[in-house]
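The block underneath contains the structure these notes are about, expressed in structure tokens.
The values are calculated or read from the model by the stated rules, or taken from the named source; none is laboratory data. Computed from a prediction, not measured in an experiment: that's the story for all the values here. Using ideal geometry, Cβ is built from the backbone for each residue, glycine included, and neighbour counts are taken over all protein chains shown.
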Amino acid sequence: MNAVPRISRRIFRCLRTGLIGTSFIALAGAGIASAQTDSVYTVGDVNVDRTADTAAAAREQAIAAGHDIAFRRLMARLVPENRRTALPALSLAEITPLVLSFEIDSEKTSSVRYLGTLKFRFRRGDVREFLQNSGIGFAETRSKPVLLLPVYDFAGAKLLWDDPNPWFEAWQAVPPSDGLVPVRLPAGDLADLRDISAEQASAGNADQLALIAERYGASAVLVAEASVTTDPVSGARTLTVATRYFGGTSDGRTSVRSFSYAGEETDEAVIGRAAMQVARQIEEDWKRENLIQFDNQSSLIADVALADLRQWVELRRKLQGIAFLQNWQLVAISRRSASVRLTYYGDAEQLRIALAQRDLVLEQGAVDWVLRDSRQARAAAPDPMSPEGTSNVPASEAPVSSDAGFPASPSSDERPDGVPAR
């Protein structure tokens with residue numbers, strides 16, 4: 001491997017074909033961030049292939065297998081890996097009532113064979129009840145996108161956009177994320193080269209990291225730096241991977257993992273194995289931190305500054321996707337502000353993280369908490385008792401949103417994706 005940094009062949013190919021600029025952003029992360037489903041409880045791209053005596057029998061068997069595959073993928077998405085062994089095995093007859101609907105995206109048949117790609121939508125409330133009754137902790141808060149920068153240390157040089165970069169290539173081979181954390185890889189084009197260097201990423205240059213994160217629409221950047229060391233005595237080789245988050249709700253979190261070489265294992269094999277395990281660890285860490293604690297219920301009052309009715313409607317829409325909210329209640333409202341009581345599962349920090357994924361900021365004010373849109377300019381906590389037409393709402397008359405729904409909302413199985421059902 002040539003360790004001298006140089007312009008990546010990926011960039012050269014871009015120059016040769018004229019594919020320079022922001023058009024590459026649409027393709028960024030195609031290796032690991034594509035095929036994100038619209039809802040946590042929707043499982044798509046379920047591929048089935050069955051052969052039987054007749055085409056009809058093969059189709060029936062394939063759809064039955066699709067139910068099982070989709071349910072297993074849903075459990076892998078929601079339940080931490082160390083708890084999945086405790087999941088009870090379900091038969092097709094037990095899985096079917098948990099499915100709201102399924103559709104066939106594509107199919108091919110012969111006289112004895114059926115191949116198809118299916119999509120399943122599960123009943124959120126029923127799945128929740130199944131997991132709770134089974135004593136299985138789970139998470140359903142989807143993270144905002146995370147941009148991953150794979151820096152590789154080799155022969156005293158730090159490689160990022162250089163070609164070859166085996167650590168970057170290993171991440172390109174990681175399958176698309178099917179979990180709660182959409183991880184994006186940069187395209188490795190000239191815009192990336194302009195935004196940040198390997199040295200700046202390794203040093204945690206805040207300005208450059210924020211620049212590339214904004215361009216990719218990511219809430220945080222995860223710098224994953226890998227290096228291979230050799231023990232001078234035994235000659236044993238070890239791959240060390242250090243990860244650190246910049247920005248987002250995990251800002252500053254670091255971890256270091258080591259991967260030993262087994263026998264005649266090659267660099268490519270160890271680096272590939274490490275990328276897969278780190279990707280899995282990203283998911284597992286997020287799930288453990290966002291487990292819904294149904295046995296721990298609390299409430300708080302938050303003040304919201306309102307410029308117009310549109311902001312109130314937008315706030316209501318965003319609250320629909322918060323898994324930790326058991327319900328919310330309007331306490332007071334005026335022309336310029338409102339106060340709401342949020343009843344939630346777990347602790348305030350978990351609620352804060354979940355709200356942040358919906359661009360909502362929860363902060364401790366002088367008296368009550370303050371809830372605001374993160375994209376709005378920071379404002380002083382509103383006074384819900386200001387004389388601007390404030391009205392206190394009696395508890396018996398206050399609209400209550402059960403499980404983050406709203407009055408006259410559709411049934412749990414007909415609600416928009418992401419609306420809690422229990």
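Any residue in the range 259-271 that is of a type in the set (Phe, Trp, Tyr), under 30 Å from Glu169 (Cβ atoms) and either assigned by TED's automatic domain parsing to the domain that holds Glu363 or in contact with a Leu (Cβ under 6 Å, 6 or more places away or on another chain) (or both)? Spell out how you get there, then give the answer.
So in the range 259-271, the residues of a type in the set (Phe, Trp, Tyr) come out as 259, 261.
Still in the list and also under 30 Å from Glu169 (Cβ atoms): 259, 261.
Cutting the leftovers down to either assigned by TED's automatic domain parsing to the domain that holds Glu363 or in contact with a Leu (Cβ under 6 Å, 6 or more places away or on another chain) (or both) gives us 259.
There is at least one residue in the range 259-271 that is of a type in the set (Phe, Trp, Tyr), under 30 Å from Glu169 (Cβ atoms) and either assigned by TED's automatic domain parsing to the domain that holds Glu363 or in contact with a Leu (Cβ under 6 Å, 6 or more places away or on another chain) (or both).
Taking Leu211 as meeting all but one of (1) within 16 Å of Glu225 (Cα to Cα); (2) surrounded by fewer than 22 Cβ atoms within 10 Å (Cβ to Cβ); (3) without any contact (Cβ under 8 Å) to a residue 24 or more places away in the chain, write down the number of the exception.
It fails just one condition, (1).
For the range 85-115, how many residues are over 27 Å from the mean Cα position of the chain (by Cα) and buried (at least 18 other Cβ atoms within 10 Å of the Cβ)?
Adding up the residues that qualify gives 1.
How about the range 154-179: which of its residues are touching an Asp or Glu at 6+ places or on another chain (Cβ under 9 Å), surrounded by 19 or more Cβ atoms within 10 Å (Cβ to Cβ) and at pLDDT 95 or above?
Lys158, Leu159, Leu160, Trp161, Pro166, Trp167, Phe168, Ala170
Here is a check on your reading of the model: is Arg128 of a type outside the set (A, V, I, L, M), touching a residue at least 24 places away in the same chain (Cβ under 8 Å) and either more than 30 Å from Leu211 (Cβ to Cβ) or in contact with a helix residue (DSSP H, G or I) (Cβ under 9 Å, 6 or more places away or on another chain) (or both)? Quick ask: steps written out before the conclusion?
Working: of a type outside the set (A, V, I, L, M): yes; touching a residue at least 24 places away in the same chain (Cβ under 8 Å): yes; either more than 30 Å from Leu211 (Cβ to Cβ) or in contact with a helix residue (DSSP H, G or I) (Cβ under 9 Å, 6 or more places away or on another chain) (or both): yes.
Against the criterion (of a type outside the set (A, V, I, L, M), touching a residue at least 24 places away in the same chain (Cβ under 8 Å) and either more than 30 Å from Leu211 (Cβ to Cβ) or in contact with a helix residue (DSSP H, G or I) (Cβ under 9 Å, 6 or more places away or on another chain) (or both)), Arg128 qualifies.
Here's a check for you: in the range 141-161, which residue that is part of a loop (DSSP other than H, G, I, E, B) and among the charged types (D, E, K, R) is farthest from Leu180 (Cα to Cα)? So that I can check it myself, show each step before the final result.
Our first condition is that a residue be part of a loop (DSSP other than H, G, I, E, B); within the range 141-161, this holds for 141-145, 155-156, 160-161.
Still in the list and also among the charged types (D, E, K, R): 142, 144.
Numbers: Arg142: 5, Lys144: 9 Å.
If we take residues in the range 141-161 being part of a loop (DSSP other than H, G, I, E, B) and among the charged types (D, E, K, R), then Lys144 is farthest from Leu180 (Cα to Cα).
Filter the range 351-394 for residues that are touching a strand residue (DSSP E or B) at 6+ places or on another chain (Cβ under 8 Å), at pLDDT 80 or above and of a type in the set (Lys, Arg) and give the result.
Once the filter is applied, which keeps residues that are touching a strand residue (DSSP E or B) at 6+ places or on another chain (Cβ under 8 Å), at pLDDT 80 or above and of a type in the set (Lys, Arg), the range 351-394 yields Arg352, Arg372.
Are there any pairs, at least 6 apart or on different chains, whose C-beta atoms fall under 9 Å, with the first in the range 179-198 and part of a helix (DSSP H, G or I) and the second charged (D, E, K, R) and buried (at least 22 other Cβ atoms within 10 Å of the Cβ), and if so, which?
Once the first residue is part of a helix (DSSP H, G or I) and sits in the range 179-198, its partners that are charged (D, E, K, R) and buried (at least 22 other Cβ atoms within 10 Å of the Cβ) give Ala198/Asp162.
Give the range 186-211 a look and list any residue that's over 17 Å from Val146 (Cα atoms) and either among the small types (Gly, Ala, Ser) or touching an Asp or Glu at 6+ places or on another chain (Cβ under 6 Å) (or both), or say none.
Correct list: Ala191, Ser197, Ala198, Ala203.
Residues in the range 188-201: is at least one modelled with pLDDT of 95 or more and within 21 Å of the chain's Cα centre (by Cα)?
no
Rundown of residues vs (1) more than 24 Å from Ile322 (Cβ to Cβ); (2) within 26 Å of the chain's Cα centre (by Cα), yes/no style:
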{"site": "Val241", "(1), (2)": "yes, yes"}
{"site": "Asp267", "(1), (2)": "yes, no"}
{"site": "Gly272", "(1), (2)": "yes, yes"}
{"site": "Ala275", "(1), (2)": "yes, yes"}
{"site": "Ala305", "(1), (2)": "no, no"}
